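The values are calculated or read from the model by the stated rules, or taken from the named source; none is laboratory data. Note that this is a predicted model, so its numbers are computed, not measured. Methodologically, a virtual Cβ is constructed for each residue, glycine included, from the backbone with ideal geometry; neighbour enumeration extends over all protein chains shown.
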Amino acid sequence: MANNGGKANNKRIFAIIGAVVVVFFIIILLKSPTTTNSSGSDAPASKAIINQITSVPNSVSSSVGGGSVTVSASTISGKPYQTSGGLPNILYMGAEYCPYCATERWPMIIALSKFGTFSNLQTTHSSSSDVYPNTQTFSFHGSSFTSKYIGFTPVEMFSNIPSGNGYTTLDTATSTEQSLMNTYDAPPYTTSSNQGAIPFIYFAGKYLVVGATYSPQVLQGQSYQSIANALSNPKSSTDKSIAKGVLGAANSMTAIVCKLTNNQPATACTPTIKNMEASI
């Protein structure tokens, strides 16, 4: 004779055990901290692309010269700005949503990599709702830079993630950094119409760049790889426009930094760059 009562009891026991397990996992999930990425960064930057854009042959860079740069550095007698080791320090203040910052990071990475090494660069893009939407670029948020020639302090103030009437906060500037921006991102160092613009790049109290130095239009609709390819081997009219913008800006920035380092190292401060220094 079948023991139906025993089978029923077993089913009830398994049902109770199952319910307890479900409740247990629900409790764990509720207690587990949730993490959100407050940065709009997409992913770690491809080492292959970073290597590609920072190893453009000098012959190609030299052929571009100043390229299509439309905004030159201003010479200033600003507050001294050095690293703790006494190296000339460069302050960058920008934001991930900013299309002009997106445009300027390409030549900044190329130029500064001639004097040192970046780590932990991230890929990102400018805001999809601003002018020049979704410009492909990199983010300095969470990155580091090592060099025996210069220091580099990046402050990505905001992400590209909308929040209220603005964007989520990323890096918080120190009082010194904010003071430099408040003082020098204003007349007489900038025009009244450009006051408070970003990117704000302060070269050790000697030189100043505010805004993008070439047109963001040349990067519109381009992928990371297509931009990198255009720099390495500019053939088509589109590639030439990208190279003239990015490499021209990188050459101009390299010339500024070479003036800060007394033309060291020689691998960065080539004859072409030295010639460009005269116009700064």
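Out of (1) loosely packed, with under 13 Cβ neighbours inside 10 Å; (2) free of Cβ contacts under 8 Å to residues at least 12 places away in the same chain, what's the single condition that is false for S63?
S63 satisfies every listed condition except (1).
Whether any residue in segment 251-263 is more than 21 Å from C98 (Cα to Cα), small (G, A, S), touching a Gly at 6+ places or on another chain (Cβ under 7 Å) and assigned to a helix (DSSP H, G or I) is what I want to check.
Yes, segment 251-263 has at least one match.
Could you grab the pairs with beta carbons closer than 6 Å, sequence gap of 6+ or different chains, first residue in segment 130-156 and closer than 20 Å to P88 by Cα, second one surrounded by fewer than 16 Cβ atoms within 10 Å (Cβ to Cβ) and among the β-branched types (V, I, T)?
Cβ pairs passing all conditions: T146/T117; G151/T83.
Could you count how many residues in segment 257-270 are in contact (Cβ under 8 Å) with a residue 60 or more places away in the chain, of a type outside the set (A, V, I, L, M) and closer than 18 Å to P57 by Cβ?
3
Considering segment 238-280 alone, what residues qualify as being small (G, A, S), at pLDDT below 95 and touching a Ser or Thr at 6+ places or on another chain (Cβ under 8 Å)?
Matches in segment 238-280: S279 only.
Tell me whether segment 216-224 contains one or more residues that are part of a helix (DSSP H, G or I), of a type outside the set (A, V, I, L, M) and either free of Cβ contacts under 8 Å to residues at least 40 places away in the same chain or in contact with a Leu (Cβ under 6 Å, 6 or more places away or on another chain) (or both).
Scanning segment 216-224, I find no residue that is part of a helix (DSSP H, G or I), of a type outside the set (A, V, I, L, M) and either free of Cβ contacts under 8 Å to residues at least 40 places away in the same chain or in contact with a Leu (Cβ under 6 Å, 6 or more places away or on another chain) (or both), so the answer is no.
Check whether at least one residue in segment 234-249 is assigned to a loop (DSSP other than H, G, I, E, B) and free of Cβ contacts under 8 Å to residues at least 40 places away in the same chain, and report yes or no.
yes
Which of the residues spanning segment 140-190 are β-branched (V, I, T), part of a strand (DSSP E or B) and under 24 Å from L208 (Cβ atoms)? Spell out how you get there, then give the answer.
Let us first name the residues in segment 140-190 that are β-branched (V, I, T), namely 146, 150, 153, 155, 161, 168-169, 172, 174, 176, 183, 190.
Now restrict to residues that are part of a strand (DSSP E or B): 146, 153, 155, 161, 168-169.
Within segment 140-190, T153, V155 qualify.
Filter segment 92-139 down to the residues that are among the β-branched types (V, I, T) and either touching a Gly at 6+ places or on another chain (Cβ under 6 Å) or not in a strand (DSSP E or B) (or both), then identify the one that is nearest to V209 (Cα to Cα).
So in segment 92-139, the residues among the β-branched types (V, I, T) come out as 103, 109-110, 117, 123-124, 131, 135, 137.
Filter again for either touching a Gly at 6+ places or on another chain (Cβ under 6 Å) or not in a strand (DSSP E or B) (or both), leaving 103, 109-110, 124, 131, 135.
Values: T103: 13, I109: 15, I110: 16, T124: 22, V131: 20, T135: 20 Å.
For segment 92-139, the residue satisfying everything is T103.
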